[in-house]
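Below is one structure, written out as structure tokens; comments come after it.
No lab work stands behind these numbers, since they all come straight from the coordinates. Fair warning: this is a prediction, and the values are worked out from it, not measured in the lab. Ideal geometry is used to build each Cβ from the backbone, glycine not excepted, and the neighbour counts take in all protein chains shown.
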């Protein structure tokens, strides 16, 4: 009898102590596995974003502003779809992602309609708050679940909430509550507020003022800043002059464009921390978070996108993960079954942040910890010790049922 030819794979199996017969059986199963995968039920999720979104312009991305996207969050969704391959096989489905970039709201509505008519029931929206609200209202009552993965605006979780809209990106209220908890824990209770010229800056400032009132911070002053180096505007564009003549333990900057805030750290009058849009920034995710398996998730995103993971990538990733878990746990692809599970108490999402997560029944927001990060490190995770809630510690972040103007759970 001649010798059996060896290959690197065979030598590896023999070294592991497995008989050659086992290898033969495994190899024989491969064609069957390929056939089985071809028989899987297709399960498409959707992703819709702007074609020429200024948030993702090369000029803006290269600055890597703290708390802002460093690329399209669809990369996070792609990672989640890759991770779902083997769970999908076990459930008899093949998960896919229909990615679409459009130019205006009319095209968004047309694309959602096409996806819905093609059987896609779960769609990620990487769009401004106003467009997200319009889409949710347009398709109210349809068998669709929309995931907001980019808009922080509290109004989407409040007066403009919709039953078909879930939020995996953290709200402004959640982020500012996390920051307020940290300031209180350090006894930095006197805060100077600097606010930019954009309407979104005003919205962010109002959100922080709510958090300050909620946790007992004292806003010792509010000053408006403008961008530029015009000497005639130096009282409004110079961080040192803007922060003179008033007492404070910290300076909160509301700057959704990020340009002023990134230059303010170490440029203010007093040796005090800068927080908000730069310095210490509250986010749903930070690439330097390494606990609870986060390092592996960060590595997978970096390998796929060639950059660090941000809160927006994480929001898209966890939205897909929620759907995948629903299919696994219910052993179903029926929309009503999946939608009920995702919104229910049984869901147990692991977002690699150390807490069990699920969606709030009163406004569709994903309960989650908030990471307080500097440029290259996570300083703290909120909720912080000592801040209690009668129902769920995570509900110390954002609007709880008693505060919320959204009435989904009571309708």
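Remarks
- The range 189-272 - Rg and Dmax from Cα coordinates, angstrom: 12.2, 38
- The angle separating the long axis of helix 172-185 from the principal Cα axis of greatest extent in the chain is about 70 degrees.
- Length gained on full extension, residue 361 to residue 402, computed as 0.36 nm times the residue gap minus the Cα-Cα distance: 13.5 nm.
- Alpha-carbon Rg with Dmax, taken over the range 148-231, Å: 14.8, 51
- Extension gain for the segment residue 222 to residue 98, taken as residue separation times 0.36 nm less the Cα-Cα distance, is 40.1 nm to one decimal.
- Packing, as the average of other Cβ atoms within 10 Å across residues, places the peptides 205-218, 233-246 in the order 205-218, 233-246, highest first.
- What the pair-distance distribution of the range 212-320 shows, using all Cα-Cα distances binned every 5 Å from zero, is 2, 10, 17, 18, 13, 12, 11, 10, 6, 1, 0 percent.
- Rel. contact order, % - alpha carbon contacts under 8 angstrom, at least six apart, the chain: 18
- The range 166-259: relative contact order in percent, alpha carbon pairs under 8 Å with at least 6 residues between: 38
- Residue 302 versus residue 110: modelled label distance in nm, points set 7 Å from Cα along the beta carbon direction: 4.2
- Fewest-first ranking of 332, 133, 277, using other Cβ atoms within 10 Å as the exposure measure: 332, 133, 277
- By DSSP, the beta bridges lying fully in the chain are antiparallel in about 20 percent of cases.
- Look at the alpha carbon pairs under 8 Å that are at least 6 residues apart: their mean separation over the length of the range 212-304 gives a relative contact order of 20 percent.
- In this simple spin-label approximation, residue 57 and residue 186 carry label points 7 Å from Cα along the Cα→Cβ vector, and these lie 3.3 nm apart.
- Largest GNM mean-square fluctuation across 247, 172, 255, computed for the chain with C-alpha springs under 10 Å, falls on 247.
- Once the Cα atoms are used to define both axes, helix 105-117 deviates from the longest principal axis of the chain by about 30 degrees.
- From the C-alpha gyration tensor of the chain, square roots of 5λ in Å: 43, 25, 21
- Taken along its three principal axes, the alpha carbon spread of the range 343-411 comes to 44, 24, 21 Å, from the longest extent down to the shortest.
- Helix axis angle, 199-215 relative to the chain longest principal axis, alpha carbon, degrees: 80
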